[in-house]
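Below is one structure, written out as structure tokens; the observations come after it.
The values are calculated or read from the model by the stated rules, or taken from the named source; none is laboratory data. Computed from a predicted model, the values in this text were never measured in an experiment. All Cβ positions, even for glycine, are placed from backbone atoms using ideal geometry, and neighbour counts span all protein chains on display.
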Amino acid sequence: MNADQLQSRIRQTLASGTLSHAYLLEGAEQDELFQLAQGFAQAALCPHFSAAAPGFGACGICASCRKVAHGNHENIHVVLGDENSVKDEMVAQMQEHLRRKPYEDGRNVALLCRGDTVTQRAQNRLLKTLEEPPGDALLILLCENLENLLPTVRSRCVIFHVEQESEAAAETEALCAVLGELLLKRAPYYQKAALLADLGKDREAALRFVDGMERWMRDLVFEKKTAAQEEALACVRLLEEARADLLRPSYAVNYILKALLLQLSL
Ligand SMILES: [Zn+2]
């Protein structure tokens, strides 16, 4: 899921009062992931939380929200780890925080960063909190690859893989470059179709692809990398039409992409 989908999922969970004690967010960019976790914590603590508000649903302006944004809310404990790992004593301190009565109204929250580096010993300690979470404490674990955590830890968390902007953008760019080369080589249809097979069910990804392909075509024209300037401009127009079609929810993504591929040529 992407960040928007994560936000709406958490917002619904908070609105229905069915928040779990432990969440594990997996993603490639740890800074972005931390911002998301902070937004999650903000919503979990905001006394004016609303399912109709944007993002995770926090009001963003109350005293509690401002403290979270400034990183000085007393109810939140952040474990950053040192340069090598998250150690046993760091998890012990976190547990102490979660067991204490919250300083301010609401629950205690812990954000544990760099989950991939939590030592085995510290993970075993962490298990105690996951098995018997104190009060309505909320623990948000962040990691790059959840395989680095013990299965016993993973199985006690609600897991979300967050596909981040940067990751998705890099994937799209690579895909467009490959398809561009196939178009320049006049590769057969089936080769091009195989490349886009995964996009057929994912409107968001198809939109990213169409945008990326348009950029690729425009670069081709600007840098005069091909003699087929007219054809490249015709492709830009086709891509713009495909984008307009993709924005209509009643139009099937795979048909739009198929029609586009049959017409794109350089
Ligand atoms: Zn608020």
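For this structure, a couple of remarks:
- Count of the range 25-50 residues, restricted to those that are at pLDDT below 95 and in contact with a helix residue (DSSP H, G or I) (Cβ under 8 Å, 6 or more places away or on another chain), is 4.
- Filtered residue count, the range 230-257, keeping only those that are of a type in the set (K, R), assigned to a helix (DSSP H, G or I) and exposed (fewer than 15 other Cβ atoms within 10 Å of the Cβ): 1
- Residue check, A227 out of contact with any Cys (no Cβ under 8 Å at 6 or more places or on another chain), outside any helix (DSSP H, G or I) and surrounded by fewer than 18 Cβ atoms within 10 Å (Cβ to Cβ): yes
- From the list M90, M94, the one residue that fits, being in contact with a His (Cβ under 7 Å, 6 or more places away or on another chain) and hydrophobic (A, V, I, L, M, F, W, C), is M94.
- Taken over the range 162-191, the criterion of being out of contact with any helix residue (DSSP H, G or I) (no Cβ under 8 Å at 6 or more places or on another chain) and under 30 Å from N124 (Cα atoms) is satisfied by E163 alone.
- Checklist (1) assigned to a loop (DSSP other than H, G, I, E, B); (2) among the hydroxyl-bearing types (S, T, Y); (3) closer than 20 Å to C143 by Cβ applied to Y23, failing item: (1)
- Residues of the range 26-66 that are farther than 16 Å from I159 by Cβ, more than 8 Å from the ligand (Cβ to nearest atom) and not in a helix (DSSP H, G or I): E29, S50, A51, A52, A53, P54, G55, F56, G57.
- Test: residue in the range 56-77 that is assigned by TED's automatic domain parsing to the domain that holds A37, among the small types (G, A, S) and more than 26 Å from T18 (Cα to Cα): no
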